[in-house]
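Throughout, read-outs are computed from the coordinates displayed, never taken from laboratory work. Just so it is clear, the structure is predicted and the values come from calculations on it, not from any experiment. Every residue, glycine among them, receives a Cβ derived from its backbone with ideal geometry; neighbour counts consider all protein chains shown.
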């Protein structure tokens with residue numbers, strides 16, 4: 001650590017913690033064993049602030065802020081698990097389920113899915129909102145991988161790993177809000193992509209069954225979660 | 001001896017897997033039978049849904065006009081209604097037809113997959129709704145028992161807890177799928 005980096009002191013869930021001034025609340029919380037749930041955040045990729053699961057309350061601010069995007073400040077008083085936050089997290093998760101066709105029982109990632117686990121974690125008994133049942137396609141044109149829009153939560157981990165780690169930038173997003181979609185190249189079928197290196201990093205960082213290896217059946221698609229931390233560590237070692 | 005509770009089980013738009021899982025409680029069925037009388041079920045020969053049922057395990061999504069009538073009737077006569085398994089809780093696999101037009105669903109079901117058949121039956125059978133829905137879309141549900149199917153252990157646990165007058169703590173025991 002260079003001597004110019006300042007140290008800040010703050011309170012997270014009634015615990016006094018110290019942090020470097022450039023750290024986010026999420027990083028500091030995790031360093032101190034305080035669990036904040038996340039879906040789009042993945043250590044080793046740039047933070048995105050999209051999933052909103054990591055929202056926290058900061059004393060003096062009426063807004064809930066994403067802890068993955070909020071840097072620490074001196075004297076901050078942060079709460080990570082109030083009733084208000086729990087309610088919002090549950091509502092958010094129900095919206096995820098209502099917006100696409102997440103049929104867990106017939107998913108390749110059944111039993112390995114972060115969305116499924118998160119529903120359990122936030123004690124979601126059922127989805128209060130009406131399901132939308134959108135008509136979404138599956139891109140199975142790639143010889144090794146399948147992109148199933150029905151199961152995508154638009155966390156953009158795949159987009160970020162493809163760009164930031166693999167350097168291919170095959171994956172991207174189009175449209176906004178509820179219409180947001182993952183695309184390959186300029187919205188062409190994945191199998192025709194000239195930029196895809198077939199590395200499969202996107203598949204292994206995908207939290208759900210939206211990206212899977214071709215041929216994997218129900219409950220067969222476990223992801224190699226150690227892939228990204230390993231790559232990041234190796235890179236740091238070479239720098 | 002304590003008075004037995006009345007248990008009904010119902011099988012709507014599901015695969016009967018949840019009922020298979022109920023039977024999977026194995027020898028504990030004897031304990032279940034000591035607490036409950038099964039008054040209506042695919043497993044017993046009773047035609048009409050009875051009055052004053054204590055607990056109903058409702059398997060399956062709501063997919064036809066008949067299902068809607070039935071679920072409303074069940075709600076009226078049941079103290080504790082359990083959405084039994086993912087189809088009842090989320091509409092699950094039956095809902096995979098929901099983003100197709102009904103017309104295309106019929107074509108696929110009756111014509112394309114049955115070579116030589118050119119009839120789509122439309123009389124004397126329940127009318128398919130535009131979509132398959134979870135149970136709570138139509139009526140209030142008291143307990144959501146997730147799983148495809150829910151495990152025998154969780155079914156047994158739920159039935160015992162309710163009989164003991166407790167609310168089953170299912171959030172950490174169960175999940176979708």
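Here are some notes:
- Descending semi-axes in whole angstrom, ellipsoid equivalent of chain B, from the Cα gyration tensor: 31, 17, 15
- Exposure proxy ranking, count of Cβ atoms within 10 Å, fewest first, for B:41, A:61: A:61, B:41
- Cα centroid separation, segment B:80-106 to segment A:101-145 (Å): 15 Å
- Of the peptides A:223-229, B:13-19, the order by per-residue mean of other Cβ atoms within 10 Å, starting with the highest, comes out as B:13-19, A:223-229.
- Packing-based ranking of A:176-182, A:124-130, A:45-51 yields A:45-51, A:124-130, A:176-182, ordered from highest to lowest mean Cβ neighbour count within 10 Å.
- Per-pair calculated FRET efficiency, R0 = 25 Å: residue B:72 and residue B:166 via Cβ, rounded to 0.05: 0.35
- Zero-based 5 Å bins, Cα pair distances in chain A, whole percents: 1, 6, 13, 16, 18, 16, 13, 9, 5, 3, 1, 0
- Inter-label distance for residue A:213 and residue A:77, nm, one decimal - labels placed 7 Å from Cα along Cα-to-Cβ: 5.1 nm
- Three-way shape call for the protein assembly as shown based on the alpha-carbon gyration tensor, with the a/c threshold at 1.5: oblate
- Sorting B:176, A:97 by the number of Cβ atoms found within 10 Å of their own Cβ, with the fewest placed first, yields A:97, B:176.
- Summarising the label geometry, the points placed 7 Å from Cα in the beta-carbon direction at residue B:110 and residue A:230 lie 5.5 nm from one another.
- Against the main long axis of the alpha-carbon atoms of chain B, helix B:152-163 sits at an angle near 60°.
- Förster radius 51 Å - calculated FRET efficiency between residue A:180 and residue B:2, Cβ distance, rounded to 0.05: 0.35
- Two-site label geometry, residue A:199 and residue A:63: point separation in nm, points 7 Å out along Cα→Cβ: 3.4 nm
- Pairwise Cα distances in segment A:105-238 exceed 24 Å in 31 percent of cases.
- Stretchable slack from residue B:124 to residue B:142, in nm (0.36 nm times residue separation minus alpha-carbon distance): 3.2 nm
- Per-residue mean of foreign Cβ neighbours for A:99-106 is 6 (Cβ atoms of other chains, 10 Å radius).
- Theoretical gain in end-to-end length, residue A:6 to residue A:35 [0.36 nm per residue, Cα-Cα removed]: 8.0 nm
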